[in-house]
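Peer 1: Handing you a structure now.
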Amino acid sequence: MDIVTNLVEYPVACSGEFEELFLEVPSEVLICAMREHQKYFAVSQPNGQLMPCFIAVNNTPVKDMALVSKGHERVLRARLSDARFFFKGDLKEKPDTRVEKLKGVLFQKQLGTVYDKTLRIQKLSEYLAIQVNDDLSKKYINRAAWLCKSDLVSQVVNEFPKLQGIMGKIYAQKNHEHEAIAMAIQEHYQPTHSGGPLPKTRIGTLLAIADKMDTICGCFGVGLKPTGTTDPYALRRQGIGIIRMIQDQHLTLPIQKIIEHSITTLADKLILPQAEVISTVMDFFQTRISHMLTESGISKDIATSVLSADMTSIPDIWSRARALEKLKNEPDFEALAAAFKRVANILKAVDRNTLPDILPDLFEHDAETELYETCHRLESEIFTLIQSGRFDDALKTIASIRPNVDRFFDDVLVMSKDETLKNNRLKLLATISTLFERIADFSKIAG
């Protein structure tokens, strides 16, 4: 509509018809031929079924509109005849045959052909299906991954590139593939633009994640990182798409594990060390998540503190950030943050693995005993709340420890000259820190 509006100065609409035999071609193809090539409007019945007619908008009024309509019909007939010819030609070829043709289609010079990419998507999507433990995905995702790019070498997609994925679904249905496979082939390109629709099926989601992660890790692995001015492979959009899909489906897929597995499938293509690529891609995703958090109303320091603590579960990141943002508005939050910051700062230079177990018999002050007993009493409750995703309640429980922490710092010299006492007190602080470090790194909070 916007394109046509900007093309004409004096709009005059007319209608036309085309032969019903063209309706044997999928409506998506006919609509694309009318809309993309001719800027015509397709006409559908209330139930969505396409009708053999169209509306064209001319730029000037004429005396004989019937003659103009005939001209539009003649032009469209040629377009639809081509589309019908291409579609019938594609139906003569099995999808598996088209997959083999992908060996001749270059994806990227250093990353190989689209066929190579297909094999990598297969491996990564199978891994994801096992991780989410979804029976339908484990059964059909290998086949869906194998066929997901096959329509790229079809005649229809060559003529109408916007139909990639859509035609893959149609050809899979014509080949009597399971509907879950057909739907996943179409959905794996989603989201196609910022804020676009996400896959609705689990298989489609996993396939889309595998496809996009392969592109991101592959490009980073051969030095094709996005810059401030260029992102030719739309890596930022694809990264945001992965994050949105994991959120939408509430998947407990650790992003680093997905990256690591993707890197293993790309091992023979990388020109940079694997560890370096993994670290760089993790930083890339952390930046994307941070931007998304701030865009959703989370303050920047809260986003940083939450991401610094843990990035294992993407859905939990948003829950933790919202819970901490809510707590930040409480009047005594600054005192709470200051106490936990002090704990974190003291422990920064300490190798916690070398600290011995806490020995209560070494406590010299009541503040030590009270803090130890409070921590011991609340520890399992806090971890249970965190495990169940009840971060609001977990933070409230953690906050209740602050008076004990304050008294400990008032009464106890942590860095005692006695090495045994010092290590015992450091271990007590380390135990306290484990209570809140799974939610946020309080040392990153401003103020």
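Peer 1: Residue by residue through the range 199-205, which ³J(HN,Hα) values in whole Hz follow from phi under the Karplus form 6.51 cos²θ - 1.76 cosθ + 1.60 (θ = phi - 60°), with glycine and proline marked x?
Peer 2: The phi angles translate into x, 9, 9, 5, 5, x, 5 Hz.
Peer 1: Roughly speaking, what is the stretch gain from Lys162 to Thr252, that is 0.36 nm per residue apart minus the C-alpha to C-alpha distance, in nm to one decimal?
Peer 2: Values: separation 90, 0.36 × 90 = 32.40 nm, distance 3.23 nm.
Full extension of this stretch gives 29.2 nm more.
Peer 1: How much length, in nm to one decimal, is gained on full extension between Met282 and Thr97, taken as 0.36 nm per residue of separation minus their Cα-Cα distance?
Peer 2: Details: separation 185, 0.36 × 185 = 66.60 nm, distance 3.72 nm.
Difference between extended and current length: 62.9 nm.
Peer 1: Beyond 21 Å, what share of the Cα-Cα pairs of the range 314-444 remains, rounded to the nearest whole percent? Numbers along the way, then the final one.
Peer 2: Working: 3373 of 8515 pairs.
The proportion of pairs with Cα distances above 21 Å equals 40 percent.
Peer 1: To continue, here is another question. Could you work out [θ]222 nm for the chain from helices alone, using -39500 (n - 2.57) per DSSP H run of at least four and dividing by all its residues? Round to the nearest 500 deg cm²/dmol.
Peer 2: On the way: 20 runs with 268 residues, N = 447.
After summing the helix terms and dividing by residue count, I get -19000 deg cm²/dmol.
Peer 1: Just how far, in whole angstrom, is the range 321-387 from the range 388-424 if you go by their alpha carbon centroids?
Peer 2: 4 Å
Peer 1: Also, quick follow-up: For the range 387-447, compute the orientation-averaged projected area of the C-alpha convex hull (one quarter of its surface), in nm².
Peer 2: Details: hull surface 21.0 nm².
Averaging across all directions leaves 5.3 nm² for the Cα convex hull.
Peer 1: Under a plain spin-label model, where a point goes 7 Å from the Cα along Cα-to-Cβ, how far apart in nm are Lys417 and Ala338?
Peer 2: So the label points at Lys417 and Ala338 sit 3.0 nm apart.
Peer 1: Which of the peptides 7-13, 290-296 is most tightly packed, and how do the rest follow, judged by the mean count of other Cβ atoms within 10 Å per residue? Show your work: numbers first, answer last.
Peer 2: Working: 7-13: 11.3, 290-296: 15.3.
Descending mean neighbour count gives 290-296, 7-13.
Peer 1: Once the cut-off is 22 Å, how many percent of the Cα-Cα pairs in the range 301-388 end up in the long-distance tail?
Peer 2: Numbers: 1689 of 3828 pairs.
Counting every Cα pair in the range 301-388, those more than 22 Å apart make up 44 percent.
Peer 1: Which lysines, if any, have their Cα less than 28 Å from the Cα of Lys396, not counting same-chain residues under 8 positions apart?
Peer 2: Cross-link targets: Lys300, Lys326, Lys328, Lys341, Lys348, Lys427, Lys444.
Peer 1: Still on this structure: With all distinct Cα pairs included, what does the Kirkwood hydrodynamic radius of the range 2-91 come out to in Å, to one decimal, could you say? Before the final figure, lay out each step's value.
Peer 2: On the way: mean 1/r = 0.0729 Å⁻¹.
Value: 13.7 Å, from the Cα pair sum.
Peer 1: Within a Cβ distance under 11 Å of His365, other residues only, what is the Lys/Arg minus Asp/Glu net charge?
Peer 2: Values: positive: Arg407, Arg425; negative: Glu364, Asp366, Glu368, Glu370, Asp410, Asp411.
Neighbour charge sum, excluding His365 itself: -4.
Peer 1: Would you mind putting 253-262, 95-104 in packing order, based on average other-beta-carbon counts within 10 Å, highest first?
Peer 2: Details: 253-262: 19.3, 95-104: 15.1.
Result, highest mean first: 253-262, 95-104.
Peer 1: Viscosity 0.692 mPa s, temperature 37 °C: give me the Stokes-Einstein translational D for the chain in µm²/s, with Rh taken as the Kirkwood radius over C-alpha pairs.
Peer 2: Details: Rh = 26.1 Å.
It comes out at roughly 126 µm²/s.
Peer 1: Give me the log10 of I(q) over I(0) for the range 200-342 at q = 0.09, 0.10, 0.12, 0.17 Å⁻¹, as the Debye formula computes it from C-alpha points; what are the numbers?
Peer 2: The calculated log intensity ratios at q = 0.09, 0.10, 0.12, 0.17 Å⁻¹ are -0.32, -0.39, -0.54, -0.95.
Peer 1: Checking the table Lys94/Lys212; Lys103/Lys138; Lys109/Lys225; Lys88/Lys123; Lys94/Lys269 against a 22 Å threshold on Cα-Cα, which pairs fail?
Peer 2: Details: Lys94/Lys212 26 Å; Lys103/Lys138 26 Å; Lys109/Lys225 15 Å; Lys88/Lys123 33 Å; Lys94/Lys269 30 Å.
The pairs that break the limit, which is 22 Å between Cα atoms, are Lys94/Lys212; Lys103/Lys138; Lys88/Lys123; Lys94/Lys269.
Peer 1: Using modelled backbone amide H atoms (1.01 Å from N, in-plane), which distant-in-sequence or interchain residues come within less than 5 Å of Asn58's amide H?
Peer 2: So Asn58 has HN proximity to Val12, Ala13, Cys14.
Peer 1: Pop out the ³J(HN,Hα) list for the range 24-31 in order, Karplus 6.51 cos²θ - 1.76 cosθ + 1.60 with θ = phi - 60°, rounded to Hz; leave Gly and Pro as x.
Peer 2: 6, 7, x, 4, 4, 6, 5, 4
Peer 1: Sticking with this structure for a sec: Provide the packing ranking of 183-190, 20-27, 368-375, i.e. peptides ordered by the mean count of other C-beta atoms within 10 Å per residue, highest first. Write down the numbers at each step before the final one.
Peer 2: On the way: 183-190: 24.9, 20-27: 15.0, 368-375: 18.2.
By packing density, highest mean first, the sequence is 183-190, 368-375, 20-27.
Rule-based calculations on the coordinates, nothing more; no lab input. Not measured: the values here are computed from a predicted model. Because the Cβ atoms are built from the backbone with ideal geometry, glycine has one as well, and the counts that use them run over all protein chains shown.
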